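K.L.:
After the structure tokens below, expect a handful of questions from me.
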Amino acid sequence: MAREQLQTLTEPMYYILLALTNECCGVDIMARVKELSKGRVTVGPGTLYAMLARFDDMGLIKLTVSEGRKKSYIITDKGFEELHKEYNRLKTMVDDGLLLINQKEL
């Protein structure tokens, strides 16, 4: 799961939040994570539903539809802020790495 206070997101957490920028149910989230990550990241039902419960408790996502066992979710503004923070953190890391790699290539 996430580090306390969501200092960083794991790869599956990042992709789940990314998938939830469009409303979807659990099966669709798993497919979307696989699609967005080009097959690098897969999330099983146990992991997915544990993360969804945690994200919901933290106010990062919200339940939009509950029809029997099928539940759909979407990211909240707070969740989007966390996703954006993580994107910026990762981008900074890549930029830092590129700077050093480019220096070594000279």
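Only the coordinates and a few stated rules stand behind these numbers; no lab work does. All values derive from a computational prediction rather than experimental measurement. Every residue, glycine among them, receives a Cβ derived from its backbone with ideal geometry; neighbour counts consider all protein chains shown.
K.L.:
Enumerate the amide H contacts of Thr64 below 5 Å, restricted to partners 5 or more residues apart or on another chain; note that Pro and chain-start residues carry no placed amide H.
P.N.:
Amide H neighbours of Thr64: Ser72, Tyr73, Ile74.
K.L.:
I need the semi-axes of the equivalent ellipsoid of region 1-65: take the C-alpha gyration tensor, multiply each eigenvalue by 5, square-root it, list largest first in whole angstrom. Don't skip to the end; give the middle numbers.
P.N.:
Working: eigenvalues 57, 42, 20 Å².
For region 1-65, the semi-axes come out at 17, 15, 10 Å.
K.L.:
By how many degrees, 0 to 90 and rounded to 10, does the Cα axis of helix 45-57 deviate from the longest principal axis of the chain?
P.N.:
Approximately 90 degrees, to the nearest ten.
K.L.:
If you consider only alpha-carbon coordinates, what radius of gyration and Dmax does region 9-105 have, in Å?
P.N.:
15.4, 58
K.L.:
How high is the FRET efficiency from Glu35 to Glu67, r the C-beta distance, R0 25 Å, rounded to 0.05? Write out the running numbers ahead of the final one.
P.N.:
Details: r = 24 Å, r/R0 = 0.95.
For Glu35 and Glu67, the calculated efficiency is 0.55.
K.L.:
On C-alpha positions alone, give me the angle between the axis of helix 77-105 and the longest principal axis of the chain, in degrees, nearest 10.
P.N.:
20
K.L.:
Starting from the Cα-Cα distance between Asp57 and Thr21, subtract it from 0.36 nm times their residue separation and give me the gain in nm to one decimal.
P.N.:
That pair, Asp57 and Thr21, stretches by 11.2 nm at full extension.
K.L.:
Under the definition of Cα pairs under 8 Å and six or more residues apart, what whole-number percent is the relative contact order of the chain?
P.N.:
Working: 110 pairs, mean separation 27.0, N = 106.
Normalised by residue count, the contact order of the chain is 25 percent.
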